[in-house]
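Only one structure is covered here, and it is reproduced in the block below.
Here, each number is a calculation from the coordinates, and none is a lab measurement. This structure is a prediction, so every number in the text was calculated from the model and none was measured. For neighbour counting, all protein chains shown are included, and Cβ atoms are generated from backbone atoms with ideal geometry for every residue, glycine included.
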Amino acid sequence: MKQLDIGVVGAGPAGLAVALFLSRAGHRVEILERFETATPVGSGLLMQPTGLTVLAALGLFDTIQTLGNRIDRLHGADAVSGRTVLDVRYDAAPGGRYGLAVQRAALFNTLHDAAVTGGIPIRTGINLTTTMQHSDRVVLKDQALRDAGDYDLVVDASGARSLLAAGSDRAPNIRDLTYGAFWATLDGAGADYDPTALSQRYDKAKVMIGLLPAGRATLGDPDKVAFFWSLKIADVEAVKAAGLERWKSVIRDYWPECQPFLDQIDDWDQLTLARYAHRTTLPPYSGNLVFIGDSAHSTSPQLGQGANMALLDAAALSHALASSSDIASALTAYARARRNHVRLFQMLSLAFTPFYQSDSTAIAWVRDRLVSTIAKVPPMPGFLAAIVAGTVIDPFKPAGLTEHDWLAQRYQADGALPELAAVRSRAQI
């Protein structure tokens with residue numbers, strides 16, 4: 001592939017990661033961002049072995065590891081009875097994998113700092129609405145239909161509400177999901193929570209409260225916890241109208257240990273409302289415009305795969321361009337590389353969502369009694385661990401990646417000699 005002029009739309013994790021990959025591959029890359037200042041959006045997220053492997057390929061693993069908080073399991077209990085209904089442990093599958101909870105600011109800062117250090121231009125305050133294909137070039141247009149850039153290839157990483165995707169001939173059908181969530185990033189000092197787990201409480205499938213120990217935004221900051229509470233989007237205004245204290249009392253009744261977190265919330269503005277939608281752009285390209293991350297595919301957050309899938313897209317696109325002789329064949333290869341993994345996890349997310357966010361009492365009963373029992377019977381624990389890790393089918397080889405060596409890292413951290421680490425790794429595998 002010759003050196004290309006590439007415009008990346010969106011300075012989120014997907015856009016920053018793909019810009020790093022492509023710039024390091026020798027292409028001329030610039031990022032275009034609609035906000036005046038590129039900033040992170042949202043609270044906490046759970047980096048899976050998939051996304052962490054991509055960061056390792058970019059040389060950013062140690063940085064994000066220092067900022068994040070290791071997660072060894074996902075645990076959920078019925079808020080009324082206390083019965084455990086979800087207990088997924090990463091170590092149920094071989095390989096030494098784990099999750100890493102991070103603040104979105106930590107992930108953004110890690111990638112953004114690397115982009116700035118790499119000399120990648122970031123143009124801000126540009127609200128892009130459409131593209132025009134001229135021969136083998138793509139022209140980006142802003143909301144006033146002025147030319148904002150002319151490129152060999154445009155990578156749309158502008159998210160689930162992408163105007164470029166909506167205005168293309170691949171415009172996806174969008175199905176807004178009934179449930180969203182309030183999120184807040186709060187101080188965990190003095191609170192009673194499991195620092196190694198994503199912890200959740202449920203009342204049937206109508207109520208879900210969660211705590212995710214999310215580490216630090218920057219070195220020297222105190223550790224934070226991402227707090228979330230799911231609710232129907234249609235009920236948001238009614239909940240607000242009932243008052244903040246009423247909302248706090250409901251959560252306190254379900255989970256008294258949340259009181260230290262609730263004490264930190266004095267205004268609705270401290271809570272971010274996340275809305276979710278199911279959408280797929282097929283194929284994930286149109287001419288010389290290619291979609292990655294949520295502009296290519298989005299779904300329910302139940303499996304926590306959003307940012308991780310976006311990072312895999314970035315790696316796969318870079319690999320496809322490096323392995324192809326022209327843009328058209330590269331985009332076909334990119335779509336093929338990501339197709340099975342994306343489709344599988346969209347299907348799994350849709351299948352899991354009703355068990356945790358729906359009006360169905362029957363589905364919640366099945367979850368609490370039947371599914372939770374089956375989940376303890378081999379080989380289900382290992383299978384569930386692979387689903388959560390994003391590795392139930394291999395996402396690495398199609399993206400040109402080799403999975404990070406989790407066991408070698410653990411033994412190195414423990415002070416074991418490399419030779420001993422290798423022996424122990426082979427033995428455990």
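Listed by first and then second residue, the pairs linking a residue in the range 189-200 that is in contact (Cβ under 8 Å) with a residue 60 or more places away in the chain to a residue that is of a type in the set (Phe, Trp, Tyr) and surrounded by 16 or more Cβ atoms within 10 Å (Cβ to Cβ), with Cβ atoms under 8 Å apart and 6 or more places separating them unless they lie on different chains, are Ala191/Phe261; Ser199/Tyr193.
Answer yes if at least one residue in the range 228-245 is crowded, with 17+ Cβ neighbours inside 10 Å, hydrophobic (A, V, I, L, M, F, W, C) and touching a strand residue (DSSP E or B) at 6+ places or on another chain (Cβ under 6 Å), and no otherwise. So that I can check it myself, show each step before the final result.
Going residue by residue through the range 228-245, those that are crowded, with 17+ Cβ neighbours inside 10 Å are 228-231, 239.
From what is left, the residues that are hydrophobic (A, V, I, L, M, F, W, C) are 228-229, 231, 239.
Okay, now just the ones that are also touching a strand residue (DSSP E or B) at 6+ places or on another chain (Cβ under 6 Å), so 228-229.
Looking for residues that are crowded, with 17+ Cβ neighbours inside 10 Å, hydrophobic (A, V, I, L, M, F, W, C) and touching a strand residue (DSSP E or B) at 6+ places or on another chain (Cβ under 6 Å), one finds at least one in the range 228-245, hence yes.
Test Pro213 against the stated conditions and say whether it is in contact (Cβ under 8 Å) with a residue 12 or more places away in the chain, out of contact with any Cys (no Cβ under 7 Å at 6 or more places or on another chain) and part of a loop (DSSP other than H, G, I, E, B). So Pro213 fails the test. Of the residues making up the range 77-100, those that are in a loop (DSSP other than H, G, I, E, B) and either among the aliphatic types (A, V, I, L, M) or under 12 Å from Ala386 (Cα atoms) (or both) are Ala79, Val80, Ala93, Pro94, Gly95, Gly96, Arg97, Tyr98. Among the conditions (1) in contact with a His (Cβ under 8 Å, 6 or more places away or on another chain); (2) within 30 Å of Asp176 (Cβ to Cβ), the only one that Asp194 does not satisfy is (2).
Each residue in the range 211-227 was checked for being of a type outside the set (A, V, I, L, M) and crowded, with 23+ Cβ neighbours inside 10 Å, and 4 pass. Number of residues in the range 125-157 that are within 15 Å of His27 (Cβ to Cβ) and among the basic types (Lys, Arg) equals 1. Of the helices (runs of 4 or more DSSP H) that lie entirely inside the range 5-76, those containing 1 or more residues that are surrounded by fewer than 23 Cβ atoms within 10 Å (Cβ to Cβ), without any contact (Cβ under 8 Å) to a residue 40 or more places away in the chain and under 19 Å from the mean Cα position of the chain (by Cα) span 61-67.
Give me the residue from the range 180-200 that is in a loop (DSSP other than H, G, I, E, B) and closer than 24 Å to Asp269 by Cα and, out of that set, nearest to the chain's Cα centre (by Cα).
Start the filter on the range 180-200 by keeping residues that are in a loop (DSSP other than H, G, I, E, B), which leaves 188-196.
Checking the rest, the ones that are also closer than 24 Å to Asp269 by Cα come to 188-191.
Numbers: Gly188: 22, Ala189: 26, Gly190: 28, Ala191: 26 Å.
Restricting to residues being in a loop (DSSP other than H, G, I, E, B) and closer than 24 Å to Asp269 by Cα, the top hit is Gly188.
Return yes or no: is Asp359 assigned to a loop (DSSP other than H, G, I, E, B) and either of a type in the set (Gly, Ala, Ser) or closer than 18 Å to Arg201 by Cα (or both)? Yes.
Applying a threshold of 7 Å to beta carbon distances and a minimum spacing of six or more residues, or different chains, the list of pairs starting in the range 97-112 at a residue that is under 16 Å from Gly304 (Cβ atoms) and touching a residue at least 12 places away in the same chain (Cβ under 8 Å) and ending at one that is among the polar types (S, T, N, Q) and in a helix (DSSP H, G or I) reads Leu100/Gln65. Taking the criterion of being more than 25 Å from Leu303 (Cα to Cα), within 25 Å of the chain's Cα centre (by Cα) and not charged (D, E, K, R), would at least one residue in the range 220-235 satisfy it? Yes - at least one qualifying residue is present in the range 220-235.
Among the residues of the range 143-179 satisfying the criterion of being among the hydrophobic types (A, V, I, L, M, F, W, C) and within 18 Å of the chain's Cα centre (by Cα), which is surrounded by the most Cβ atoms within 10 Å (Cβ to Cβ)? Write out each step before concluding.
First, pick out the residues of the range 143-179 that are among the hydrophobic types (A, V, I, L, M, F, W, C): 144-145, 148, 153-155, 157, 160, 163-166, 171, 174, 177.
Narrowing further to those that are within 18 Å of the chain's Cα centre (by Cα): 157, 160, 177.
Numbers: Ala157: 30, Ala160: 20, Leu177: 19.
Checking each candidate, the answer is Ala157.
Under 8 Å between Cβ atoms, which residue pairs at least 6 apart in sequence (or on different chains) link something in the range 132-155 that is under 15 Å from Glu33 (Cβ atoms) and without any contact (Cβ under 8 Å) to a residue 40 or more places away in the chain with a partner that is part of a strand (DSSP E or B) and not polar (S, T, N, Q)? Cβ pairs passing all conditions: Asp142/Leu128; Asp142/Ala148; Gln143/Leu128. Do we have Tyr90 as within 28 Å of Pro284 (Cα to Cα) and among the aromatic types (Phe, Trp, Tyr) here? For Tyr90, the condition - within 28 Å of Pro284 (Cα to Cα) and among the aromatic types (Phe, Trp, Tyr) - is not met. In summary, no strands (runs of 3 or more DSSP E) completely within the range 222-323 bear 2 or more residues that are free of Cβ contacts under 8 Å to residues at least 12 places away in the same chain and aliphatic (A, V, I, L, M).
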